[in-house]
1. So if I check each of Arg40, Arg117, which one is outside any helix (DSSP H, G or I), modelled with pLDDT of 70 or more, assigned by TED's automatic domain parsing to the domain that holds Val172 and basic (Lys, Arg)?
2. Which residues, counting only those in region 267-298, are touching a Leu at 6+ places or on another chain (Cβ under 7 Å) and buried (at least 23 other Cβ atoms within 10 Å of the Cβ)?
3. Would you confirm, using the coordinates I've provided, whether Gly152 is at pLDDT below 85 and assigned to a strand (DSSP E or B)?
4. The conditions are (1) among the small types (Gly, Ala, Ser); (2) in contact with a Pro (Cβ under 7 Å, 6 or more places away or on another chain); (3) in a loop (DSSP other than H, G, I, E, B), and Gly375 fails exactly one of them. Which is it?
5. May I ask you to list pairs of residues, at least six apart or on different chains, whose Cβ atoms are under 6 Å apart, with the first in region 399-425 being within 19 Å of Val320 (Cβ to Cβ) and the second being of a type in the set (Phe, Trp, Tyr) and surrounded by fewer than 21 Cβ atoms within 10 Å (Cβ to Cβ)?
6. If I ask for residues that are of a type in the set (A, V, I, L, M) and touching a strand residue (DSSP E or B) at 6+ places or on another chain (Cβ under 7 Å), which ones from region 360-398 would you list?
Amino acid sequence: MSEGARPPSPESGSGRSGERSPLVRSLAVQLLQGPVDLDRTIETAAGAVLGIIADSCTVFLSDYDTLATARASRHRDPTLETAIAELAERYRPDEDAAEGSPVAGALAGEERRVDWRVTEPADETTRSAVERLSSKAWMAIPLRDPDGAIIGALRLSRGRDEPPFGEEEAEVARELAVLCGAAFARSRAADVDRLAVETLSKDLAPRPLPDVPGIELEVRYHSGTSQVGVGGDWCEVLKVGDRIMFAVGDAAGHGVDAAVTMKEVASALRAFAFVENAAGVVRRLDRYVSTLRRAGLVTACVMGLDLVTLRLRLANAGHVPPILASRRTTKYLDRGRTAPLGTGSAGKRFGSARLRLRVDDRLFLYTDGLVERRGETIDRGIDRLVRAVVNAPEDLAVACDHILETMAPPGGFEDDVALLAVRLIDEKAARGG
C-alpha cells in the first residue's frame, strides 16, 4: 500500500473505490521495479489488497510442474492471521479438488466469485476455510506469466458484513493478478539465474590442488564487484604423468558470460594438457576459443614443469607475465608471448620460453585484476607486484596473503583476481626419488 493510504475501518463497508487506482500504481512500482525477491514479492502482493478490496488474501503458486501451494496468507484482522496461515498449510487445491472449489477453478484458468450466503461449499476443506475466516464472499483469480501460462492463483475473501465481490472489485483484482503474474515470473527467472550462478560458481571455484612431493602450491581467488559473485578469472594445476601444468586465464568482462567462457576454456585446457606441452595447449586453445560464440577477449598463461628435469616451459597468450623470485633476483617473465586466444595469431607456431626451477624458487601466476588500477598503466602495477614479491615473507601461504593485501587498492579490488603460487622445496622429492 502506498504511503499515506490507510486501510478503512471495518465499518466502512465497500466504500473503498477511491483507493483502488493508487493501489494498482503503488503495487506496480513495488512489484516490477523493486528488488527481485520471490518471497518478498509474494508477501507484498498478499498484503497489498487488505482493507482496499478484501479482508484477506492468499497467494497460491505452482512450483513449476508441481501442485499449487499457498505461499503467503494475510488477513487484516490480526486475530485471524494464525487461522488463515493454518488453513493455507492444509489447503491443497489440485486436479482432484471438488468442481466447485474456487481456487481449483482459478488454477484451471477460470475466474470465480462466490457468495457463501447463497452457495454451499463443495468440499470440507473449503467449508472449514469459510467458517474459520468468518468469510461470506470469495474471489479467486488465475495468475499467469507473461506468456499466458497459469502459475498460480489469488484467493480474496470478505467478512460477514461485507457485500459480495462485484465487477468493479473483480476488475481491480484482474489488474493486480496481471501485475503479480509478471512480478512472480520476474522473480522466478531471477531465482533460476541465481541457481545457475551458484552452480557455475561451484564449478569455477579453485579445484583441490594436487599433492606433489617436493613442491608447495597455494591459490587465492577474489571476486570483484560482480553482483553475481562469479567472473572470468580462473586458475588450474594439473599433474599429467611426469609433468605438472600450471595455468591462469581471464575472459574480459564480469558475471555469467565471462564465467561461462572461462569454464569452457578451462575444460578444454584440461583435455589438451594430456596430449600437448605448454605451447601446444595454447595453440589448440586459440583455435577452440575462435569457435565460441560468446567469447570476447580471452588470455591465458600456461606453464609446464617437467618433474624429471625440473625445467619449465612458458607459453603466454596475451596474459600478464608471471613473476619468478629466486635467491638472487625477482623478475617478471616476459617471454614465450603471443596474441590473446581466439585471434588466430596464437595458433601460429611460436617458441615457448624455457627455464629451470631451483630449490626455493617461487613462481607467481596471476590475473590482471591484481595489478590494474585506475589512472595508471598496467606496467606500473606489474612493477609494484615485483616489489611486493621481493618484500613477501618466505612462507608461501603468508606470501600470498601479503601480496593480496599489498596490491589491493583503497576500497578493495574492483576486478576479479586469481593468484597461483608455486615453490620448489625439494628437488629429489619432486623427481620422485
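1. Details: Arg40 fails: outside any helix (DSSP H, G or I).
None of the other options fit; the residue is Arg117.
2. The first filter runs over region 267-298 and keeps only residues touching a Leu at 6+ places or on another chain (Cβ under 7 Å), leaving 268-270, 272-273, 278, 281, 285-286, 289, 298.
Correct list: Leu269, Ala273, Ala278, Val281, Leu285, Asp286, Val289, Val298.
3. Working: at pLDDT below 85: no; assigned to a strand (DSSP E or B): yes.
So Gly152 fails the test.
4. With respect to (1) among the small types (Gly, Ala, Ser); (2) in contact with a Pro (Cβ under 7 Å, 6 or more places away or on another chain); (3) in a loop (DSSP other than H, G, I, E, B), Gly375 is out only on (2).
5. Ala418/Tyr221
6. Within region 360-398, Leu363, Leu365, Leu370, Ile382, Leu385, Val386, Val389, Val390, Leu396, Ala397 meet the criteria.
Okay, residues lined up against (1) surrounded by 14 or more Cβ atoms within 10 Å (Cβ to Cβ); (2) in contact with a Gly (Cβ under 9 Å, 6 or more places away or on another chain); (3) at negative phi:
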residue	(1), (2), (3)
Ala353	yes, yes, yes
Gly369	yes, yes, yes
Glu376	no, no, yes
Cys400	yes, no, yes
Leu419	yes, no, yes
Leu424	yes, yes, yes
Ala430	yes, yes, yes
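The values are calculated or read from the model by the stated rules, or taken from the named source; none is laboratory data. In this text, all values refer to a predicted model and were calculated from it rather than measured experimentally. FYI the Cβ positions are ideal-geometry reconstructions off the backbone, even for glycines, and counts take in every protein chain you see.
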